[in-house]
Structures are given as C-alpha cells and as structure tokens.
Amino acid sequence: MRRLIYFSVLLILFQNIDAQNKLDLSSAVYSLSNYLISNEFNSLSKNKTDLEKIDLLYLKSLQINDNDYSEALLTLTFATLPFNKIKLHIPIFGIKIMIPLPSTNDSLFRAKLKQTPRQLFFDSPKNKSGDIDKVAHFFGNAFLSYNVSWIHLSEFLGLLVESFESEFKIAGSFDKRDLFVNKLGSAFGIALKKNSKLLPSQFFEIYNLLFINTNFY
C-alpha cells in the first residue's frame, strides 16, 4: 500500500505536465543552466553572497518563463539539482533503474554545477558540495505549495517523497536540515500567492534567524 502511495505521488506530479509543457520545461532548464555559466551572471553576481545569487536565478527563471511563477519554480527545481539522473533501487525485486530527469547535456550540466550556489546558511559545510542540494529542495517544495491549495497536503506530499527516497534507496540521502528547508520552500510558495515581490533569500535567511532566536541565551 505504501509503495502504491509513493508511485501515486510521482504520477500526480508528472501528470500535471503535458507533453508540450515537458518540452518547454526542458528548454527552460537548458536556458537557466546556460545563464548560470554566462558572463552576464558572472558580472551580476560578482561580490554577491550565494543567497543573492539565488535571487538572481529566481528572477531570471521568471523572465525565461514569462512571469509564470509555477513554471519558474519548476524550472529552478530541475536546473539546480546536483544530479541529472536518479538511481532507483527496489530492494524487493533487486532491480536497479536509472531515471533521467529534465536536464542538459553532460558538459553543460558539469559546468553549471560548479556555479550553483551552495553556501546558504551559517552552518553550511565548508567543502565542495556545501548545501548545494538544498536549493532544489527549497524550490521543489515552493512549487508544490504554490500549486496545491492546502498547505498541509503540500507538506504531506513532500514528506512522502522524502520517505520514498529512503525506502527505495534513491541516490542522494537527506539530512534533518532538508526537512526544515522543505518547510521554508513551502512557506515561500504560499506567500508568493499574496505577495509576488518576495524573494527566496528572505526565506532562506529565516534559517539563521531561528537559530539565533533559539540559542540567544
């Protein structure tokens, strides 16, 4: 029964994108990935923090998608993923499947990966990867909550996907901080409906503010 729920969640997500939109999504992901390695982005992002760079990517994704917030959030999700395939291992049957995701060619993927923001929080690991995976977590959940009317249902779907990853051993494990970033993304998606001027960095910063508040004394 749980496996049926997991696959149903994935089907719901992908059935909302028809064949034409899938082509448009791939094109948008390619355009945003190209922007990440462009001279324009390098010039605009010079001397900016990684959170400010995320805002630049967000604004560019809106431009690419003609100010369609839903499509912009979905584009950001796939364009910032630190992988372009998912290795799915189903323990019961001993089956391993490689599932391709909307992405770019391998050379562009490797190039944009180097440019993707990753130092997002005060406790982001000071290594090559940092918190690079948190960007897609944030925008993926923002996309969910922007498109799902009930915030609790959005959160429920997000948790199911996390559980799916764990149960079926999808490459790329998550830590507890992922769940908090998921909530920040969901809050951003909901808030966008009321105020389209909001920026993702304002919600990423909540992470640090909450830590300061809970550890002040």
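The values are calculated or read from the model by the stated rules, or taken from the named source; none is laboratory data. Please read all numbers here as calculations on a predicted model, not as lab measurements. Glycine also receives a Cβ, built like all others from the backbone with ideal geometry; neighbour counts cover every protein chain displayed. All accessible areas refer to the heavy atoms of the entire protein, side chains included, with ligands and DNA or RNA removed. Shrake-Rupley method; radii C 1.70, N 1.55, O 1.52, S 1.80 Å.
Data table
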quantity: Residues of the stretch 189-210 classified as open to solvent by 50 Å² or more (accessible area, probe 1.4 Å) and either part of a helix (DSSP H, G or I) or touching a Leu at 6+ places or on another chain (Cβ under 6 Å) (or both), total; calculated: 5
quantity: Residue among Ser173, Ser186 that alone is part of a loop (DSSP other than H, G, I, E, B) and either modelled with pLDDT of 50 or more or buried (at least 17 other Cβ atoms within 10 Å of the Cβ) (or both); calculated: Ser173
quantity: Every pair of residues 6+ apart whose Cβ atoms lie under 6 Å, when the first sits in the stretch 191-209 and is touching a residue at least 12 places away in the same chain (Cβ under 8 Å) while the second is of a type in the set (Asp, Glu) and surrounded by 13 or more Cβ atoms within 10 Å (Cβ to Cβ); calculated: Leu199/Asp55; Ser201/Asp55
quantity: Failed condition for Lys112, given (1) at pLDDT 75 or above; (2) open to solvent by 20 Å² or more (accessible area, probe 1.4 Å); calculated: (2)
quantity: Meets criteria (more than 23 Å from Ser61 (Cβ to Cβ), open to solvent by 20 Å² or more (accessible area, probe 1.4 Å) and at pLDDT below 90) for Asn147; calculated: no
quantity: Output for the stretch 76-102, where each listed residue is open to solvent by less than 40 Å² (accessible area, probe 1.4 Å), assigned to a loop (DSSP other than H, G, I, E, B) and at pLDDT below 70; calculated: Leu101, Pro102
quantity: Test result for Glu71, part of a helix (DSSP H, G or I), under 20 Å from Gln115 (Cβ atoms) and either among the acidic types (Asp, Glu) or at pLDDT 95 or above (or both); calculated: no
quantity: Residue match in the stretch 10-29 (condition: surrounded by 19 or more Cβ atoms within 10 Å (Cβ to Cβ) and at pLDDT 90 or above); calculated: yes
